[in-house]
Amino acid sequence: MEKDDMMLDELANKEYEFGFVTDIDMDISEVGLSEDTVRFISGKKNEPQWLLDWRMKGLKAFQKEEMPKWQNFEMPEIDFQSISYYAAPKKQAKYASLDEVDPELLKTFEKLGIPMSEQKQLAGVAVDVVFDSVSVSTTYKEHLNEMGIIFCSISEAVKNHPDLVQKYLGTVVPHTDNVFASLNTAVFSDGSFVYIPKGVRCPMELSTYFRINAENTGQFERTLIIADEDSYVSYLEGCTAPMRDENQLHAAVVELIAMKGAEIKYSTVQNWYPGDKDGKGGIFNFVTKRGACRGEHSKISWTQVETGSAITWKYPSLILQGDYSSGEFYSVAVTNNKQIADTGTKIHHLGAHTKSRIISKGISAGEGQNSYRGLVQMGSKAKNARNFTQCDSLLIGDQCGAHTFPYIESKNNTATIEHEATTSKIGEDQVFYLNQRGIDSEQAIALIVNGYAKEVLNQLPMEFAVEAQKLLSLTLEGSVG
Amino acid sequence: MLSIKNLHANIEGKEILKGINLEVKAGEVHAIMGPNGSGKSSLSSVLAGRENYEVTEGEVWLDGKNLLDMKPEERAREGVFLAFQYPVEIPGVSNINFLRTALSEIRIHRNLPPLSAKDFLKMTKEKQELVEFEAKLANRSLNQGFSGGEKKRNEVFQLAMLDPKLSILDETDSGLDIDALRIVSNGINKLRTADNAFVLITHYQRLLEYIVPDFVHVLYNGQIVRSGTKELALELEEKGYDWLKEELRGQESINIK
């Protein structure tokens, strides 16, 4: 009940809360994309030759590929030559303590409520902050080091653990995967790297906050998480972006690898700027996320709460290779005003006795369009594999849309696939009932929506569940007539 | 406390309430009876502020405040409680959470400090016992999967928690077996004070054996056609509504002459 209280307290603010720009000297690459751009980025980061070569392969693939056409919205024109592909705070030095960090930056973090302060650290959150491309602060590193856990920016990992990076990078999402993944391969700026050694259970939630700051700077993070045999890690990615009038492209790639008996829990709360009421501005969020359950009895679960962005195009997927491996996908996607979300998952059952579960909750308000797109594939060796899919849509008002595109393919007749779907509207009766108990309509909607999404929100770590609830309410503000 | 003067209301252009007059004082229990379609539930909806009703004439005052000027949630915060005939289900919203939200809104309105989690739980426990409401139901999603009787009992539990001035019980007795009826009635009797008032809307006299009203009114065709004490309810029980209808028709024809 504390969760709801905190959420309800926040309902006062109308405008996008995090719309402000931090003035810090930036080191920005020239606008445009070419081999020179890729060399510039790689050179800035003093990367080894193999990485530059791989980036170049990504660039070549990108130049050949076409924009996808199957999504349930009209793809906006994106001028890739008008984007600046690299921006880093000029003060490159690593800081020994927070006192040395640019105070402007700290103020920004404070406004965002990023838990960098001592008290938050005591709460057990290690935060690796990616601020426009370069990591500026990593906490809790020592403690994790002692356990053999590596949690750092991917640039650092390239320097300090090149073998690990080279062995796994691009093995789940290849450089040819799709146009946005190829672009990311060519120009990725930074991101997080996690390695959990055999038999180690990571004692805290690992958390990274991504945030777009520089104007016209697309952000292309690359995240790689490897959980070695019988290890466990829970990782949270949270996003907020300041208000901008131009559309900004965000094309991240996340790769997860779980070895035998390992478990990875990956949670996302996405709150990029959605654009204004008329659909002006807002982030284009084209993300490729995929996890591979490589070993027997491995497990990966995706939980996502998508409340922001003008367009969300995102299908966190799973490859269940190992026998008895399992995967989960829990999703809440909200679209209000002119927002578009085309999101879902792909689950490839390759191994025998693999299991998966998909719970998707779409919420559409205003003129928002919300599509669930899912593929469940049972391979010929997926003996006794099982999938359960539940896909619910909630409509608020009569201008919005909910769409479902579930694809099922089975090459094994012992596999079981279940699919359930519902569509409902928030009833006037429900709102009136809550009104009659002294609760105004806005809060009533927030309560109903949070109740509807509870099954997914419950998957999030406690303090992020609170944030997610608040975001749901904030996103739906003004959606009641 | 409640003063209804010449209240007229439409739904979808059709006049349902045709000049209701009613005075309810603190400490009183009023029963409103009447045949199906006479406007009983419409009256409760209009008092609670349901949007699809249009008030075309008349006034409603609650302790000197104009009720018709207020939004439904404001009326609730002022102390109007409607126990619904058909309580809705809200999946995923826990009963307790919902009540805490409602109570905190009402307390803010009354300039009371917020209750601590501990005090709230203590209060919950007391009220549960008072109205014999099972703790396990209090922790479930709001009315979800509740039986008809459980939903009605939940309404009374909410009433106990929110402590309204004026409670309107819309056919709270319908769908209850005799044991549930006794429990619900006991609960309401325990909640009666000199400062609050109850309006019981009911079809049957049965409820009034358990909750003894100070006044009984008969609603027919959008008007209160007769008022009396509990004996009127007994008379209705015995004779049905038909004699009243006959009598009224007689009066009308006399009026026409």
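The values are calculated or read from the model by the stated rules, or taken from the named source; none is laboratory data. For clarity, every value in this text was computed on a predicted model and none was experimentally measured. As a convention, Cβ positions derive from the backbone with ideal geometry for all residues, glycine included, and neighbour counts pool all protein chains shown.
So the values come out like this:
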quantity	calculated
Filtered residue count, the range A:409-438, keeping only those that are surrounded by 15 or more Cβ atoms within 10 Å (Cβ to Cβ) and away from every other protein chain (no Cβ under 14 Å)	5
Filtered residues of the range B:133-143 (kept if surrounded by fewer than 16 Cβ atoms within 10 Å (Cβ to Cβ) and of a type outside the set (Gly, Ala, Ser))	B:134, B:136, B:139
Any hit, the range B:187-206, residues being charged (D, E, K, R), part of a helix (DSSP H, G or I), out of contact with any Gly (no Cβ under 7 Å at 6 or more places or on another chain) and touching a residue at least 12 places away in the same chain (Cβ under 8 Å)	yes
For residue A:381: the one exception among (1) under 30 Å from residue A:351 (Cα atoms); (2) among the basic types (Lys, Arg); (3) in contact with a Phe, Trp or Tyr (Cβ under 8 Å, 6 or more places away or on another chain)	(3)
Any hit, the range A:345-359, residues being under 23 Å from residue A:475 (Cβ atoms), more than 14 Å from every other protein chain (Cβ to nearest Cβ) and buried (at least 20 other Cβ atoms within 10 Å of the Cβ)	yes
Residue among B:76, B:102 that is under 14 Å from the mean Cα position of the chain (by Cα), modelled with pLDDT of 90 or more and not polar (S, T, N, Q)	B:76
Residue in the range B:104-118 that is touching a helix residue (DSSP H, G or I) at 6+ places or on another chain (Cβ under 8 Å), surrounded by 15 or more Cβ atoms within 10 Å (Cβ to Cβ) and closer than 24 Å to residue B:171 by Cβ present	no
Qualifying positions in the range A:303-324 - under 20 Å from residue A:353 (Cα atoms) and either among the aliphatic types (A, V, I, L, M) or touching a Leu at 6+ places or on another chain (Cβ under 9 Å) (or both)	A:317, A:318, A:319, A:320, A:321, A:322
The range B:18-42 residues that are assigned to a loop (DSSP other than H, G, I, E, B), paired with ones that are of a type in the set (Gly, Ala, Ser) (beta carbon under 6 Å, 6 or more apart)	B:26/B:197; B:27/B:194; B:28/B:197; B:39/B:222
Selected residue (only one of A:362, A:351 is without any contact (Cβ under 8 Å) to a residue 60 or more places away in the chain and not in a loop (DSSP other than H, G, I, E, B))	A:362
When residues of the range B:63-87 are limited to those that are over 30 Å from residue B:116 (Cα atoms) and among the aliphatic types (A, V, I, L, M), the one farthest from the other protein chains (Cβ to nearest Cβ)	B:68
Members of the range A:40-70 that are free of Cβ contacts under 8 Å to residues at least 24 places away in the same chain and touching a Leu at 6+ places or on another chain (Cβ under 7 Å)	A:42
Condition broken by residue A:398, with the remaining ones in (1) more than 14 Å from chain B (Cβ to nearest Cβ); (2) surrounded by 15 or more Cβ atoms within 10 Å (Cβ to Cβ); (3) at pLDDT below 90 satisfied	(2)
Hits in the range B:88-99 - residues which are facing chain A (nearest Cβ under 7 Å) and buried (at least 23 other Cβ atoms within 10 Å of the Cβ)	B:90, B:93, B:98
Answer residue from the range A:439-458, given it is surrounded by fewer than 19 Cβ atoms within 10 Å (Cβ to Cβ) and more than 9 Å from chain B (Cβ to nearest Cβ) and is nearest to residue A:426 (Cα to Cα) among those	A:442
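The rows are residues; the columns are (1) basic (Lys, Arg); (2) under 20 Å from residue A:223 (Cα atoms); (3) touching an Asp or Glu at 6+ places or on another chain (Cβ under 8 Å); (4) modelled with pLDDT under 95.
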| site | (1), (2), (3), (4) |
| --- | --- |
| A:293 | no, yes, no, no |
| A:298 | no, yes, yes, no |
| A:307 | no, no, no, yes |
| A:335 | no, no, no, yes |
| A:341 | no, no, yes, yes |
| A:348 | no, no, no, no |
| A:355 | yes, no, no, no |
| A:367 | no, no, no, yes |
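One line per residue, one yes/no per condition, for (1) hydroxyl-bearing (Ser, Thr, Tyr); (2) touching a Cys at 6+ places or on another chain (Cβ under 7 Å); (3) part of a loop (DSSP other than H, G, I, E, B):
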| site | (1), (2), (3) |
| --- | --- |
| A:413 | no, no, yes |
| A:423 | yes, no, no |
| A:439 | no, no, yes |
| A:443 | no, no, no |
| A:446 | no, no, no |
| A:450 | no, no, no |
| A:464 | no, no, no |
| A:470 | no, no, no |
| A:475 | yes, no, no |
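Each row is one residue, and each column tells you yes or no for (1) buried (at least 18 other Cβ atoms within 10 Å of the Cβ); (2) under 25 Å from residue B:148 (Cα atoms).
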position	(1), (2)
B:3	no, no
B:6	no, no
B:48	yes, yes
B:67	yes, no
B:75	yes, no
